[in-house]
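Each remark here refers to the structure printed beneath this line.
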Amino acid sequence: MSVGLPLTIPNSFARTARWFGSGEAVVDSATRLTYAELDLLSRRAAVLFASLGAAAREPLALLCPPSAIYLVAWLGAVRLGALPMALHTRESAATLAAVCRKMGPRLLVYDASMENLAAGIAAAYPQLGACIEALSALPPRRSGTFAAAASIPGDLEDERPDVTLVRPAENDPAVIVLSSGTTSVPKGVVHTHRSFIENARTNLYLYQGLSPRDRSVVPLSTAFIGCYNGWLPFLNAGGCTIFMEHFDLGDLVRCVSKERATHVFLTPTLWRRLLNSDQQGAGFGSVRLIGFAAEPMDAPTLKRLRETISPNAVQMYGSTETGAAGTCISAEEMIGDRLVSVGRPLLNGDLRVVVPGGGPADEVPAGEVGEILISSPSLASGIWRDPEATAASFIVAGDKRWWRSRDLGRLDAGGYLYLEGRRDDMIISGGINIMPARVEEVLLAHRGVAECAVVGVPDPEWGERVQAFIVRADPALDTNMLELHVRASELSPYQRPRAFTFVAELPRTSTNKVLRRALREAAVRAVANADNPSTQSQSTGSK
């Protein structure tokens, strides 16, 4: 006997649109849509997509910045039963065409400002049945040689909104989210309707409750799981999402102030840039909660955030595979040594710290570093068309599914989790394990350091030695100043960097994570050039 509607995205949105129809659902720099308007436009989008060949259970590619029309297209795809797949807008046409060949979409919705990129994808991936132009606030860049099959929202006026839409089951696939790729084409992480609704509900707990009065600023790429976490819970609760088509610190501050935003979530890197800018915390008076994820937060930045922006902060840890954050910690818990903890499992979630490569039964003692496993109702169902990758990423033990993170961490006596970096990022010097996060936290405590990353490079005596790459906040910062700083810190001698390389910026993946492999390769090349007399006169470009 059924006791309620299935946990699906269409059912959830239909409820929100019914009860909060006159409330603002989504805002960008040019458009404001109520829930009733978003309901109508997304229904029409579903009908349009179907007429152009989109089908249930098949990917539908979206090449869009964060915008109201993006949400119309995304929701239209889901209500049709297609699987929206947001592409990374900063990737090349060749890379995105490779993604499409791997995933198999027959329809591409592209922002009119990105026509050249869309044309490049279509040329390299002729299996696309149709391309649809979407008009956001960004100025169109039309070449006159690329013909779209339709334009939204303009062509939506001709579509009947009363066509019966699909009724997916809870465990049907709903969304494909691309993970970051470093050496190959990104994989497609598949979330079901239930896992995405559980994602929204879990984030209600994370955000300490949401109401239709709450408003979230989302400047992150639509391809990131962090973007979904910025708007999906608000859509579920009848709140408002404020999309920013591109990220700019000044625009962010003005947007928060103008729209009276209550929630702002950024990566630690973006928070550091804000704190090191002229903007600081001006205009954040309406904000009741700030948060961060995607990379470890250092104690000095967190302290400045709570003093300058908001004392009410949450830190979370998760991934594309976990959907919602796997763990979180609130401001009240961020005291003492737990200032840099990522907390404990979220609602109905679980975690283990185990022997690397082991299962949930292979736990290591509190305080010891091991691999992090996460279990959660918002876990993805698998990797699109890749059973081997699915088996490598998810394991089943008893009645639980676990995500194998390949991240290193440790638990304290109270069950709070601390990140210690990736398994591949661990530095082994003289047989001793060195975690980059601890060294980076010390370096970031120096006011002259804006960003940094620590890697291990080959050493003939010790196996590996520590090298730091530094982005300066103070142009006067030099190696001697940093050496004095680390000697005065609590770092043991074997943990201290043996070399400092100053760079304009750190290389990052499409999801804004530091690309340490590129740094290690740069360090090895620099050593090789230094050892080769024929190249010593050449600049490495790193200092």
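Just flag the GluC sites (Glu not before Pro) in the range 362-421 sitting in loop per DSSP whose Cβ has no more than 14 other Cβ atoms within 10 Å.
Hits after loop and neighbour filter: Glu368.
Quick one: what do you get for the chain if you divide its Cα Rg by 2.2 N^0.38 Å?
Rg over 2.2 N^0.38 Å, computed on Cα atoms: 0.99.
For Leu40, put the label point 7 Å out on the Cα→Cβ axis and report which residues of the range 131-158 keep their amide N under 12 Å from it.
157-158, by backbone N distance to the label point.
Can you pull a Stokes-Einstein diffusion coefficient for the range 234-383 at 20 °C (1.002 mPa s), Rh from Kirkwood over Cα pairs, as a whole number of µm²/s? Can you show the working numbers first?
Details: Rh = 17.0 Å.
The calculation lands on 126 µm²/s.
Over every pair of different alpha-carbon atoms in the range 190-245, take the mean of 1/r and invert it; report that Kirkwood radius in Å.
11.3
Taking loop as defined by DSSP and a crowding limit of 16 other beta carbons within 10 Å, which chymotrypsin sites (Phe, Trp or Tyr not before Pro) in the range 183-268 fit?
Those satisfying the criteria are Phe247.
Add -39500 (n - 2.57) for each DSSP H run of 4 or more in the chain, then divide by its residues: what number comes out at 222 nm, to the nearest 500 deg cm²/dmol?
The per-residue figure over the chain is -9000 deg cm²/dmol.
If R₀ is 25 angstrom, what is the calculated FRET efficiency for the pair Asp337 and Asp362, using the beta carbon separation as r and rounding to 0.05?
Working: r = 26 Å, r/R0 = 1.03.
Result of the calculation: an efficiency of 0.45.
Compute the Cα gyration tensor for the range 1-87, then decide on rounded, prolate or oblate, letting a ≥ b ≥ c be the square roots of its eigenvalues: rounded whenever a/c is under 1.5, prolate when a/b is larger than b/c in the other cases, and oblate in all that remain.
Taking the square roots of the gyration eigenvalues as a ≥ b ≥ c, the range 1-87 is oblate.
How far, in degrees from 0 to 90, does helix 115-124 lean away from the longest principal axis of the Cα atoms of the chain, to the nearest 10?
With rounding to tens, the tilt is 90 degrees.
List the chymotrypsin sites (Phe, Trp or Tyr not before Pro) within the range 8-53 that fall in a DSSP loop (any state other than H, G, I, E or B) and whose Cβ has at most 11 other Cβ atoms within 10 Å. Display every interim value, and only then the final one.
Numbers: sites: Phe13, Trp19, Phe20, Tyr35, Phe49; in loops: Phe20.
Passing sites in the range 8-53 do not exist.
The range 474-510 to the range 426-462: how many Å between their Cα centroids?
9
Once you treat every alpha carbon in the range 471-520 as an equal point and sum by Debye, what is log10 I(q)/I(0) at q = 0.16, 0.22, 0.27, 0.29 Å⁻¹?
Result of the Debye calculation: -0.61, -0.95, -1.06, -1.08.
Can you give me the angle between helix 249-259 and the longest principal axis of the chain, using Cα atoms only, in degrees from 0 to 90, rounded to the nearest 10?
In the chain, helix 249-259 runs at an angle near 40 degrees to the longest axis.
On a C-alpha basis, how far is the centre of the range 161-227 from the centre of the range 266-341 in Å? Whole number, if you could?
21
For Arg79, Arg517, what ranking results if the residue with the fewest other Cβ atoms within 10 Å of its Cβ goes first?
Arg517, Arg79
Looking at the chain, what % of its DSSP beta bridges pair antiparallel, to the nearest 5?
Within the chain, antiparallel bridges account for around 60 percent of the total.
As I understand it, the value is the acute angle between the Cα axis of helix 225-237 and the longest principal axis of the Cα atoms of the chain; what does it come to in degrees, rounded to 10?
So the helix axis and the longest Cα principal axis differ by about 40 degrees.
Let me check the size of the range 426-535 from its C-alpha atoms; what are the radius of gyration and Dmax in Å?
Final numbers for Rg and Dmax: 13.7, 40 Å.
Every read-out reported here was derived from the displayed coordinates using simple, explicitly stated rules and does not represent laboratory data. The structure displayed is predicted, hence computed values, not measured ones. All Cβ positions, glycine included, derive from the backbone under ideal geometry; neighbour counts span all protein chains shown.
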